[in-house]
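Readers should treat all values here as calculations from the given coordinates under stated rules, not as data from a laboratory. Keep in mind that what you see is a predicted model, and the values were worked out from it rather than measured. Cβ placement follows ideal geometry from the backbone for every residue including glycine, while neighbour counts extend to all protein chains displayed.
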Amino acid sequence: MIEIFGPNVSPFVIKVLAAANYKQLPYTHTENVSIRELSKLNPHTGKVPVVLIEGEAIFDSTLILRQFDKIKAEPALQSEDKKVAAKQRMLEDWSDESLYWYNQALRWAPENEERTILQNSRFVPLFARPFAKPLLRHLVGKQPKAQGLGRLPYKVLLAELGGKLEDLELLLGESTFFFSENPSAADFAIYGVFCTGLLDGVTPDFEALMSKHPALLKWHKRVAAVSGHLTSQASGI
Ligand SMILES: N[C@@H](CCC(=O)N[C@@H](CS)C(=O)NCC(=O)O)C(=O)O
């Protein structure tokens, strides 16, 4: 039994759900997890997603996907070709540890912050809703500034993110998925970030940047199709 915890607005939760769907693993999904529940489920990082597999808690989307492959080998979430698999792992990590922060910096920039807070308020318990704004700013909003990208002037941030999308389009080239004809953990990681960027009209500038990359939009639809995942709900397209 696989139990997935974490909200659909998190790129890492989307990554895990999409991968589970692609592998046709049966699971349950609980979107709302209180901070108290989360600290019990995942005392190590206190982050989502966290997944219970036969009662054992696994945290971090990368480790979760690796576990999925152990439970069910096919279809695999990385290539059989070792060199291709190495590139896929690098790209997955870059998406999780770098691309994610461009998106977070964008979401929490003054230009988008109100919409981000509105989108996230539903995860704040009712009794704390009046304090949703300072609470979310404190818990999540300050992170991109601590990481660094949140300190870039908005225009510079947009230009840099635009450059990353151009690079991704070049890396994808004529291939169906990144470095392969089959999707891997790298595709699901980037897919998660794009879904969040395109969700609920929170970051219209991300949508504008994406519209300049029809090949990436087509790829995004391909990943949505193979994972049967959230096509209308989270992909925003
Ligand atoms: N490397 C982790 C990152 C998980 C992560 O940063 N999750 C965010 C939500 S998108 C979170 O839980 N943030 C709350 C916090 O940092 O306390 C993964 O791949 O699962």
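Under the rule a/c < 1.5 gives rounded, and otherwise a/b versus b/c splits prolate from oblate, where does the range 2-71 land using the Cα gyration tensor? In terms of gyration-tensor shape, prolate.
Using the Cβ of Q104 as centre and a radius below 11 Å, the other residues enclosed give a net charge of +3, where K and R count +1 and D and E count -1.
Could you list L139, L170 so that the one with the fewest beta carbons within 10 Å of its beta carbon is first and the one with the most is last?
So the ranking, lowest neighbour count to highest, is L170, L139.
Ordering of 185-197, 108-120 by packing is 185-197, 108-120, highest average first (other Cβ atoms within 10 Å, averaged per residue).
Which value at 222 nm does the chain reach when only helices count, each DSSP H run of 4 or more adding -39,500 (n - 2.57), with the total divided by all residues and rounded to the nearest 500 deg cm²/dmol?
My calculation for the chain gives -15500 deg cm²/dmol from helical runs alone.
Along the axis of the charge dipole computed for the range 26-76 (Cβ charges of +1 for Lys and Arg, -1 for Asp and Glu, origin at the Cα centre), the listed residues A73, H44, T62 are led at the positive end by H44. A cut-off under 14 angstrom between Cβ atoms defines the neighbours of I4, and their net charge, with Lys, Arg +1 and Asp, Glu -1, is -3. DSSP beta bridges fully contained in the range 2-71 are about 65 percent antiparallel.
In a reduced charge model with +1 at each Lys and Arg Cβ and -1 at each Asp and Glu Cβ, the range 82-227 shows a dipole moment near 420 debye about its Cα centre. Across the cross-link table entries K82/K164; K164/K212; K23/K87; K47/K142; K15/K221; K155/K212, which are compared at the Cα atoms, the separations over 19 Å belong to K82/K164; K23/K87. Using only the C-alpha atoms, the convex hull of the chain corresponds to 119 Å³ per residue.
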